[in-house]
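This report refers to the structure that appears directly beneath it.
A short reminder: the numbers here are calculations on the coordinates, not readings from a lab. Not measured: the values here are computed from a predicted model. Cβ coordinates were reconstructed from backbone atoms using ideal geometry, including for glycine residues, and neighbour counts include every protein chain displayed.
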Amino acid sequence: MTGRTTIFLLLGLLLAVDAAAQRRISGTVTGDRREPLTGATILVKEIAGLGAVTDTEGRYELRLPDKKEYTLTATYIGYFDAKQTLAADHGGVLDFQLNENPTLLEQVVVTGTRTPKLLKDVPIVTRVIAESDIRRTDATNIGDLLQTELPGIEFSYSMNQQTSLNMAGFGGNSVLFLVDGERLAGETLDNVDYSRLNMDNVQRIEIVKGAASSLYGSNAVGGVVNIISRESQEPWSVNVNGRYGAHNEQRYGGSAGFNRGRFNSMTNVQYTSIDAIDLSKGTDNTQVGDYSNIYGHSTLNVKERLIFTAAEGLRFTARAGYFFRERNSSESLRDRYRSFTGGLKGNYTVTDKDDLELSYSFDQYDKSDYLVAGGRDVRDYSNVQHTLRTLYNHTFASRHILTAGGDYMRDYLMSYQFEGNGSHIQHTADVFAQLDWNPHEKFNLIAGLRLDWFSETKLTHLSPKLGLMYKLGSCSLRGSYAGGFRAPTLKEMYMNFYMGNIFMIYGNPDLRPESSHNFSLSAEYMKGRHNLTVTGFYNIVDGRITTAWNQALGGQVYTNMSRLQVAGVDANASGRYPCGISWRLSYAYTYEHIGKGEPMLSSTRPHTATARIAYDKDWKNYGLSVALSGRYLSKVTTDIYTEITSYEKTEKRTYPGYTIWKLSLSQRVWRGVSVTLAVDNLFNYRPRYYYSNSPTTTGTVCSAGLSLDIEQMFKKK
Amino acid sequence: MSVSHKITSILPGVIAILSLSACNGILEDIYDTPEPEETKIYGFIAVDDNTHTGRIYLDATDYTEWHYIDLHGKSVTTAIVDAETPANWDLAIHRYDAKTNGGAVTESTAAGFGMLPAISSIPEEAFAADEWTTDKITVDMSQMMDGIIRYAEDWYNPCLSGWLHVDTSTMPPVYTLSGRIYLLRLSDGTCAALRLTDFMNDAAVKGFMTIDYLYPVQP
């Protein structure tokens with residue numbers, strides 16, 4: 001045997017010994033509901049650089065060099081880390097189940113800055129409602145969800161049972177609703193159609209309270225609510241679900257998604273319906289309130305989103321949607337609402353420091369009357385918006401981000417409220433820039449400016465913003481100033497409407513824009529599994545647009561009102577424990593101040609609160625989720641005019657406060673099969689008199705739902 | 001001009017029209033288009049002499065007008081409230097209100113004109129004559145929101161006016177058609193059967209009354 005042969009033999013022996021000493025460890029990483037977490041990281045504490053990443057089914061595999069004791073940690077954004085010690089002689093399978101972090105501080109958000117940023121690093125106070133929270137509330141649309149999750153938000157009825165929002169003193173036309181950053185066309189009595197915003201396929205909702213016109217332009221006076229859609233994570237997925245509740249309330253939904261190669265697609269269909277609600281039922285009084293019968297209605301919502309990754313760093317998103325709602329407002333007439341939506345967006349990562357987004361968006365919202373007698377469907381309103389948008393981000397010195405962009409929108413409005421059912425068109429354009437400056441890991445400054453232009457009013461408006469954040473141990477302090485504005489709409493400028501054959505309402509082309517200054521201070525404290533956030537805000541709003549009686553014209557005319565000041569405090573505390581128990585308590589105080597001697601017409605409730613305690617636990621073949629949630633709204637006293645043609649006399653009216661609780665029980669009984677039972681209005685609250693801002697409940701009601709995730713049934717366990 | 005040249009010259013116009021159409025929305029065709037009111041015919045829009053039936057269509061949107069219907073002469077005359085009534089008329093319509101020219105009305109449960117009861121079988125007390133009213137015929141709604149409604153003093157037939165129930169306790173009011181056939185006994189002893197089939201035009205504007213009639217009803 002030569003010396004060289006001996007060396008090879010020895011090396012071979014050493015390698016064989018090494019291979020025998022290695023241990024193969026594999027397993028899965030799942031979330032609260034045992035759903036697989038794709039892209040979760042497994043790290044070995046004792047060996048730097050050794051680890052693995054889970055695949056699309058949440059599986060990982062790694063090899064340890066010897067049979068010593070090791071500590072493995074599983075991490076995933078938005079979840080608490082899970083740590084397990086691997087005994088010296090242990091091999092084979094090691095599974096991790098991660099608990100979701102309720103504070104979501106590791107969650108990426110976009111609304112406050114228009115660039116993806118971790119929630120803990122955003123200098124603008126942003127509230128996130130996560131997918132798990134949406135699931136827990138079992139909400140059908142955005143109204144149900146926001147009221148359950150956030151204090152200071154109230155959806156009530158305005159005339160003709162049209163839904164109307166009040167968010168910390170701001171109405172529907174002062175709060176901007178976005179879907180993946182895109183505006184919605186159409187409005188009724190100053191509110192978008194909230195039933196378009198169903199909670200099917202929503203990943204999260206980001207809420208920025210206060211003005212945000214430096215990024216979003218008109219309407220972002222009181223806040224921005226941005227609904228972020230979920231992308232398909234599974235190779236394929238199919239879900240069907242249904243729910244049945246009181247008043248013959250029905251909800252059926254289905255989704256189909258795939259994630260293969262360069263394509264990622266998600267299709268959602270949802271149908272809902274509910275019968276009319278007789279509020280006088282069980283009473284001997286037919287006049288139980290401002291109204292005694294809530295119209296029955298049905299909705300159909302279809303949406304598709306297809307993502308195509310053309311090359312590394314180049315991604316196109318195409319989307320299309322159809323929405324239909326029918327309201328049985330009388331035996332002879334039904335109100336119909338439709339929307340047609342489409343869009344194309346391209347995201348291009350030019351370099352690791354530069355990325356560019358270009359998008360086109362189309363949204364059409366129609367209203368029509370269906371005449372039952374003749375079977376005719378006559379459209380009397382159509383709002384069509386085409387929007388072109390560009391957004392560019394440049395990162396410099398590895399930590400500062402410069403954002404610049406611009407939008408163009410063509411806004412077409414045909415309305416029965418215009419003379420001769422006519423139409424008007426407005427073009428709007430804007431440019432904006434923002435600097436996100438991070439000189440130190442504990443300090444962040446954000447400054448932005450936007451210039452908006454409107455063709456019909458020849459209006460140009462400048463909106464500034466300045467935000468600061470300072471991190472001090474477990475505490476984050478934030479402060480900001482932001483300008484907000486709302487340009488007069490085509491409706492407000494050109495209305496010429498004989499209201500119910502009773503009086504005229506005239507538009508006013510000379511309206512000034514509403515403008516606001518928003519100041520906000522916030523402190524956030526995070527320790528272990530607890531989080532406490534307190535935010536104080538102060539708004540000055542000038543030139544609010546509303547209708548007022550004009551004696552000379554003998555009708556109502558849109559006009560700018562005097563200054564309103566809104567101040568308040570939001571407080572939010574939450575906790576979550578490994579045993580599965582979690583809780584959240586939120587409180588909002590709102591104070592409105594108007595000039596001396598002027599009537600306070602707003603009916604914003606000063607004190608509101610929401611609370612939730614939940615228990616979520618998953619075992620291998622069974623999962624349980626129980627949640628008790630409640631909301632409290634204090635009484636409010638407001639001024640109302642005694643005559644519509646004279647604003648001389650007012651009288652006080654007090655709307656009573658109330659508390660409503662909901663108990664829901666969700667069980668995962670088998671692979672992908674979930675059953676949800678809920679009892680709403682648990683303590684049987686019933687208003688003595690139904691005002692437009694009273695809950696339309698007739699007492700305790702129950703609902704039952706079933707959801708099937710088909711792909712889960714085919715998965716190996 | 002060559003075909004290709006023609007196409008080239010037309011193309012920009014077509015593109016412009018298409019883009020304009022898309023700019024202002026899509027799928028317009030899924031809706032029905034209402035006929036313009038100015039092209040519509042009012043009055044006796046259908047008369048069948050064989051069956052003695054027909055249809056009357058009225059623009060009763062104006063609060064200040066009565067529309068006087070002459071069933072004998074098949075004509076409609078419009079006059080301002082408080083103005084002198086025409087020489088010949090049998091019933092009159094103001095918005096959804098009705099009055100008769102000395103007649104009386106009863107409500108029938110018959111499903112159609114061919115299923116009416118014999119007039120002679122209806123007891124006299126079932127017929128309602130007109131009433132003199134001071135708070136029914138609204139002529140000025142401009143201050144309604146302040147609780148001020150101006151009425152004209154006039155005759156009013158409560159039975160016939162029941163063909164449409166308007167619940168004003170909510171805003172907007174709730175309208176419910178009775179769907180019933182009303183038997184109107186005229187002052188000359190002849191009888192008409194009337195049914196209000198619609199109170200809106202095809203653009204859903206209220207105050208356009210469509211009345212089907214049978215006259216004379218066989219005794």
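A:TYR365: net charge of surrounding residues, Cβ under 10 Å, Lys/Arg +1, Asp/Glu -1, itself excluded?
Residues close to A:TYR365 contribute a combined charge of -1.
Name all residues of region A:77-91 having a backbone nitrogen under 18 Å from the label point set 7 Å from the Cα of A:THR309 along its Cα→Cβ direction, giving them as ranges.
A:77
Find, among the trypsin sites (Lys or Arg not before Pro) in region A:448-516, those assigned to loop by DSSP (not H, G, I, E, B) with at most 11 other beta-carbon atoms within 10 angstrom.
Taking region A:448-516 and a limit of 11 other Cβ atoms within 10 Å, the loop trypsin sites (Lys or Arg not before Pro) found are A:LYS458.
With 5 Å bins from zero, work out the P(r) of region A:329-417 over every alpha carbon pair and list the percent per bin.
Calculated P(r), rounded to whole percents: 3, 12, 15, 13, 11, 10, 8, 8, 6, 5, 4, 3, 1, 0.
What nm value, rounded to one decimal, do you get for the distance between A:TYR685 and A:LYS45 when each label is placed 7 Å out toward the C-beta?
It works out to 4.7 nm between the two label points.
Apply the Karplus parameterisation 6.51 cos²θ - 1.76 cosθ + 1.60, with θ equal to phi minus 60°, to every residue of region A:443-455 and state each ³J(HN,Hα) to the nearest whole Hz, in sequence, with x for glycine and proline.
Values, residue by residue: 10, 9, 10, 10, 9, x, 8, 9, 10, 10, 9, 10, 5 Hz.
Is there a simple number for the mean count of other chain Cβ atoms within 10 Å of the Cβ of residues in A:335-347, and what is it?
Partner-chain Cβ atoms within 10 Å, mean over residues of A:335-347: 1.
List residues of region B:178-204, by number, whose backbone nitrogen lies under 12 Å from a label position 7 Å along Cα→C-beta of B:ILE149.
Counting backbone N atoms under 12 Å from the label point, the list is empty.
In region A:563-704, if every C-alpha pair distance is counted and binned at 10 Å from zero, what percent goes to each bin?
Going out from 0 Å in 10 Å bins, region A:563-704 shows 10, 27, 28, 19, 11, 5, 1 percent.
Among the chymotrypsin sites (Phe, Trp or Tyr not before Pro) within region A:257-298, which fall in a DSSP loop and have no more than 11 other Cβ atoms within 10 Å of their own Cβ?
Here no loop site has a sparse enough neighbourhood.
Using Stokes-Einstein with the Kirkwood hydrodynamic radius over Cα pairs, what translational diffusion coefficient do you get for region A:20-97 at 25 °C and a viscosity of 0.890 mPa s, in µm²/s rounded to a whole number?
Answer, rounded: 197 µm²/s.
Where does the charge balance sit around A:ASN383 when Lys and Arg score +1, Asp and Glu -1, over other residues with C-beta under 10 Å from its C-beta?
For residues surrounding A:ASN383, the net value is -2.
P(r) tail for chain A, what percent of Cα pairs lie past 53 Å?
The share of Cα pairs beyond 53 Å in chain A comes to 13 percent.
Can you tell me the relative contact order of chain A? Whole percent, Cα pairs under 8 Å, sequence separation 6 or more.
That works out to 9 percent.
Please report the spacing between the Cα centers of region A:461-505 and region B:43-63 in Å, no decimals.
The distance from the Cα centre of region A:461-505 to that of region B:43-63 comes to 53 Å.
What's the angle, to the nearest 10 degrees (0 to 90), between helix B:3-23's Cα axis and the longest principal axis of chain B?
50 degrees
What is the set of long-range amide H partners of B:VAL217 at a cut-off below 5 Å, with H atoms built 1.01 Å from backbone N?
B:CYS191, B:ALA192, B:ALA193
Amide H to amide H, which residues 5 or more places from B:VAL139 or on other chains are under 5 Å from it, using H placed in the peptide plane?
B:ARG150, B:TYR151, B:ALA152
Provide a whole-number value for the mean count of partner chain Cβ atoms within 10 Å of the Cβ atoms in peptide A:377-387.
So the per-residue partner count for this stretch is 4.
May I ask you to compute the full-extension gain from A:THR71 to A:GLU598, defined as 0.36 nm times their residue separation minus their alpha-carbon distance, rounded to one decimal in nm?
Length difference between fully extended and current span is 182.9 nm.
Among B:THR138, B:THR78, B:THR39, whose mean-square fluctuation peaks in a Gaussian network model of chain B (Cα, cutoff 10 Å)?
Its mean-square fluctuation being the largest, the pick is B:THR39.
May I ask you to derive the FRET efficiency for B:ASP140 and A:ASP284 from their Cβ-Cβ distance with R0 = 35 Å, giving the value to the nearest 0.05?
Efficiency for this residue pair is about 0.45.
Using helices alone, what [θ] at 222 nm do you get for chain A, with -39,500 (n - 2.57) per DSSP H run of 4 or more residues, divided over all residues and rounded to the nearest 500?
Value at 222 nm, helices only, nearest 500: -1500 deg cm²/dmol.
Quick one: helix A:3-21 against the long Cα principal axis of chain A, what's the angle to the nearest 10°, folded into 0 to 90?
Helix A:3-21 sits at roughly 40 degrees to that axis.
Just to be sure I understand the model, the point goes 7 Å from the Cα along the line to the Cβ. What's the resulting A:LEU553 to A:ALA447 distance in nm?
About 4.3 nm separates the two model spin labels.
Given springs between every Cα pair under 10 Å in a Gaussian network model of chain B, which of B:ASN88, B:ASN50, B:ASN157 has the largest fluctuation?
Comparing B:ASN88, B:ASN50, B:ASN157 in the GNM, the peak value goes to B:ASN50.
Tell me the net charge near B:THR197. Cut-off is 12 Å between Cβ atoms, B:THR197 excluded, with +1 for each Lys or Arg and -1 for each Asp or Glu.
Surrounding charge for B:THR197 is +1.
How many lysine pairs does chain B hold where the Cα atoms are under 22 Å apart and the two sit 8 or more places apart or on different chains?
Lysine pair count for chain B: 6.
Hey, what number do you get for chain B at 222 nm if only DSSP H runs of n ≥ 4 count, each worth -39500 (n - 2.57), divided across all residues, to the nearest 500?
Per the formula, -3500 deg cm²/dmol.
To the nearest 0.05, how large is the calculated FRET efficiency for A:TYR271 and A:LEU677 if R₀ is 30 Å and r is the Cβ-Cβ distance?
That pair, A:TYR271 with A:LEU677, gives E of 0.90.
Rounded to two decimals, what is the ratio between the C-alpha radius of gyration of chain B and 2.2 N^0.38 Å?
Chain B yields a ratio of 1.36.
Can you give the FRET efficiency for B:GLU35 and A:ALA320, using 1/(1 + (r/R0)^6), R0 = 56 Å, r = Cβ-Cβ distance, to the nearest 0.05?
In this case the efficiency is close to 0.95.
How high is the relative contact order of chain B, in percent, with contacts defined as C-alpha pairs under 8 Å that are six or more residues apart?
For chain B, the relative contact order is 20 percent.
So, in nm, how far is label A:HIS400 from label A:LEU300 when the simple model puts each one 7 Å beyond its Cα toward the Cβ?
Label-label distance for A:HIS400 and A:LEU300, simple model: 5.5 nm.
Using modelled amide H (1.01 Å from N, peptide plane; none on Pro or chain starts), what sits under 5 Å from the amide H of B:SER75, excluding residues fewer than 5 places away?
Distant-sequence amide H within range of B:SER75: B:ASP70.
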